[in-house]
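To start, the structure itself, in structure tokens.
The values are calculated or read from the model by the stated rules, or taken from the named source; none is laboratory data. On a predicted model such as this, the values are computed, not experimentally measured, just so you know. Positions of Cβ are generated from backbone atoms using ideal geometry, with glycine treated the same way; all protein chains shown enter the neighbour counts.
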């Protein structure tokens, strides 16, 4: 044990500590970075990113065997999710079934994990009862939480706020309806924290609970703003529980793929995924994690992570999908190698303010390099449109044409 300290010695130690502290405080503050909201702390944070070895990037010279690398990469990604839910039976519950023009719509719920039952729309095209290609359709973030899958499927008595949202980001279309009429079986679920899975408190009004048509535009905006502010609380709560938010989201997407592949109307060898914004990110990650996906489309969510730090984190890099520690091992576009040689289409807008142009350019280059090293350059397509953050009609037309060739 250490010897006892006398009162005089203790006082002397305190005096020394005070002097030391005074000396430290006397140092001039680090110069703030003019363009970054991180100010004086930007330089060390950027240095941490720049010093990452990206030690599991397939582009490193020590990796040559694609299949062997993919096994290692997927195992590391799953580990980083801090979540490995037990497999459960889907226990599907049909909520409603109706015939729409050209397709049948089923609203249902199914269990993905012991904790979660997800609501879904399943769209089945009319015509001969043959196995059809299937698409997992993944909705966006948008800072718009009151509705989830309704952003990408047709709705009766659609709220005006949701109509305007679709006009801004999807050219006014319900893209699930576009896909099912092209012959795909389409499934769309609510991501955790959106739609029927949104955060509701005991004090929440009946109109908010029921998403009533009587809600004013102001009330919708107020709820979305409140939910945005509470994202951090939800993420911190999940981390306290020992899991990550992207772990929950991505496992829900994998189990959704399980259910889609199990349907008799679906050809389990012809599966694709598609999404805008965070839906695009989820599409990319689902294809990277699950080799059953034959073709993936990522619309408006691709960048080189290090380039985001200077001034593109606040409104882009959300805790609802960022995988903690991933950049130690992979940049986001490095994970294209986990999809190769399967088909990948990546679309970005040159006027998308969420991503720096340099980050988009670097990510496109990396995706191309990954597919070239995998001897599959012809299976990837990166397209930059003169557009903001949206899935416009020109983009949609190219995606539909590309998907027809891949699945």
query: What residue, of 323, 360, 367, is under 17 Å from residue 70 (Cα atoms), buried (at least 16 other Cβ atoms within 10 Å of the Cβ) and modelled with pLDDT of 95 or more?
result: 367
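From 154, 188, 120, which residue is at pLDDT 95 or above, surrounded by 15 or more Cβ atoms within 10 Å (Cβ to Cβ) and in a loop (DSSP other than H, G, I, E, B)? Steps first, answer last, please.
On the way: 188 fails: in a loop (DSSP other than H, G, I, E, B); 120 fails: in a loop (DSSP other than H, G, I, E, B).
Result of the check over 154, 188, 120: 154.
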query: Counting just the residues of the range 170-183 that are assigned to a loop (DSSP other than H, G, I, E, B) and free of Cβ contacts under 8 Å to residues at least 60 places away in the same chain, which one comes out farthest from residue 220 (Cα to Cα)?
result: 183
task: Considering every residue within the range 297-320, establish whether at least one is touching a residue at least 12 places away in the same chain (Cβ under 8 Å), farther than 30 Å from residue 229 by Cβ and assigned to a strand (DSSP E or B).
output: yes
Hey, residue 128 surrounded by fewer than 21 Cβ atoms within 10 Å (Cβ to Cβ) and either in contact with a helix residue (DSSP H, G or I) (Cβ under 6 Å, 6 or more places away or on another chain) or over 23 Å from residue 354 (Cβ atoms) (or both) or not: yes
- line: Filtering the range 246-272 down to residues that are farther than 30 Å from residue 317 by Cα and part of a helix (DSSP H, G or I) yields 261, 262
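Which is part of a strand (DSSP E or B) and either more than 29 Å from residue 389 (Cβ to Cβ) or under 26 Å from the mean Cα position of the chain (by Cα) (or both), of 144, 110?
Details: 144 fails: part of a strand (DSSP E or B).
Only one candidate passes the filter, namely 110.
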Criterion violated by residue 172 - all others in (1) on the phi < 0 side of the Ramachandran plot; (2) modelled with pLDDT of 95 or more; (3) surrounded by fewer than 15 Cβ atoms within 10 Å (Cβ to Cβ) satisfied: (1)
task: Among the residues of the range 154-169, count how many are in contact with a helix residue (DSSP H, G or I) (Cβ under 9 Å, 6 or more places away or on another chain) and in contact (Cβ under 8 Å) with a residue 40 or more places away in the chain.
output: 5
field: Filter pass, residue 242 being at pLDDT 95 or above and closer than 21 Å to residue 399 by Cα
entry: no
query: Quick one: would you say residue 228 is touching a residue at least 60 places away in the same chain (Cβ under 8 Å) and either assigned to a helix (DSSP H, G or I) or under 21 Å from the mean Cα position of the chain (by Cα) (or both)?
result: yes
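What do you reckon, is residue 284 over 24 Å from residue 387 (Cβ atoms), surrounded by 24 or more Cβ atoms within 10 Å (Cβ to Cβ) and out of contact with any helix residue (DSSP H, G or I) (no Cβ under 6 Å at 6 or more places or on another chain)?
Considered against the rule, which asks whether it is over 24 Å from residue 387 (Cβ atoms), surrounded by 24 or more Cβ atoms within 10 Å (Cβ to Cβ) and out of contact with any helix residue (DSSP H, G or I) (no Cβ under 6 Å at 6 or more places or on another chain), residue 284 comes out as no.
Is there a residue in the range 323-340 that is within 26 Å of residue 180 (Cα to Cα) and part of a loop (DSSP other than H, G, I, E, B)? Steps first, please.
To start, the set of residues in the range 323-340 that are within 26 Å of residue 180 (Cα to Cα) comprises 339.
Keeping just the survivors that are part of a loop (DSSP other than H, G, I, E, B) gives 339.
Yes: one or more hits.
Can we say residue 343 is under 25 Å from residue 81 (Cα atoms) and surrounded by 22 or more Cβ atoms within 10 Å (Cβ to Cβ)? It would help to see each step written out before you state the result.
On the way: under 25 Å from residue 81 (Cα atoms): yes; surrounded by 22 or more Cβ atoms within 10 Å (Cβ to Cβ): yes.
Yes: the conditions hold for residue 343.
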